[in-house]
1. Every residue in region 105-123 that is charged (D, E, K, R) and either part of a helix (DSSP H, G or I) or in contact with a Leu (Cβ under 6 Å, 6 or more places away or on another chain) (or both), please.
2. I'm trying to understand the selection: among the residues of region 135-155, which are within 13 Å of Ile93 (Cα to Cα), under 33 Å from the mean Cα position of the chain (by Cα) and not aliphatic (A, V, I, L, M)?
3. Given Glu102, Glu126, which one is of a type in the set (Asp, Glu) and either in a loop (DSSP other than H, G, I, E, B) or assigned by TED's automatic domain parsing to the domain that holds Glu83 (or both)?
4. Looking at region 146-189, which of the residues that are assigned to a loop (DSSP other than H, G, I, E, B) and basic (Lys, Arg) is modelled with the lowest pLDDT?
5. Pairs only if they're at least six apart or on different chains, beta carbon under 6 angstrom, first in region 112-125 and more than 18 Å from Leu164 (Cβ to Cβ), second of a type outside the set (Gly, Ala, Ser); list them, first residue then second.
6. Working only within region 88-137, note down all residues that are of a type in the set (Gly, Ala, Ser) and more than 17 Å from Ala150 (Cβ to Cβ).
7. Which of the residues belonging to region 125-152 are surrounded by 21 or more Cβ atoms within 10 Å (Cβ to Cβ) and among the β-branched types (Val, Ile, Thr)?
8. Which one of the conditions (1) surrounded by fewer than 12 Cβ atoms within 10 Å (Cβ to Cβ); (2) free of Cβ contacts under 8 Å to residues at least 12 places away in the same chain does Glu102 fail to meet, given that it meets all the rest?
Amino acid sequence: MSPVNAEINIMGNSLKDQLLKKGLVTKKQVNKALNEKRASRSKKGNKEAGEDDEVQKKVQQAREKQAAHVRELNRQKNETAREKEIQDQIRQIINKNVIEMEGDISFHFVDNKKIKKLFVSKKIAEDLSKGRMGVVRENERYSVVPAKAAIQIQDRKAECVILLNTPETKDSDPDDPYSEFPIPDDLEW
């Protein structure tokens, strides 16, 4: 075989084959080197995979945290929109059902542990005491509305209804010794 062909033949073989042919290494040494190489690759791969897993966990936690933050912002936004919608409904009910309170009789009621008074007519004062009308508050303004409207407002936001008496029933207590003595309508406190 010519030297050029021998050189081409050597180049065509792998390094391990070349070393084996020249007698520089034994088959046992080649196998040992291959095993060490595989082991170092798998350790490196596991180390990188472990780092990738850790990075993936951090990325996932960041995504979950961001999603939770977005959900909280959306909940607050929806809550604010719902509160505004309720306030608009209450304002609309009051404006539609408000009763003019012009009168000279002072009607007293309690709001936040403070006694307040409105000047109303005798008919409105009677209807307020018998539960046919109610006093509602929108912001700092008091209005008198029919009981039906006060109940609608109470269903939406109870703290807006300041006074809504329950209608009197004739047979409230059969054993009441004073049941035959009605309270006069013109009694003022």
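1. Answer for region 105-123, where residues must be charged (D, E, K, R) and either part of a helix (DSSP H, G or I) or in contact with a Leu (Cβ under 6 Å, 6 or more places away or on another chain) (or both): Lys122, Lys123.
2. Arg137, Glu138, Ser143, Lys148, Gln152, Gln154, Asp155
3. Numbers: Glu126 fails: either in a loop (DSSP other than H, G, I, E, B) or assigned by TED's automatic domain parsing to the domain that holds Glu83 (or both).
Glu102 is the lone residue from the list that is of a type in the set (Asp, Glu) and either in a loop (DSSP other than H, G, I, E, B) or assigned by TED's automatic domain parsing to the domain that holds Glu83 (or both).
4. Looking at the filtered set, the residue picked out is Lys170.
5. Final answer for the pair search is Lys122/Ile105.
6. Answer for region 88-137, where residues must be of a type in the set (Gly, Ala, Ser) and more than 17 Å from Ala150 (Cβ to Cβ): Gly103, Ser106, Ser121.
7. Val135, Val136, Val144, Val145
8. Failing condition for Glu102: (2).
The values are calculated or read from the model by the stated rules, or taken from the named source; none is laboratory data. In this text the structure is predicted, and so the values were computed from the model without any measurement. Cβ atoms come from the backbone with ideal geometry, glycine included; neighbour counts cover every protein chain shown.
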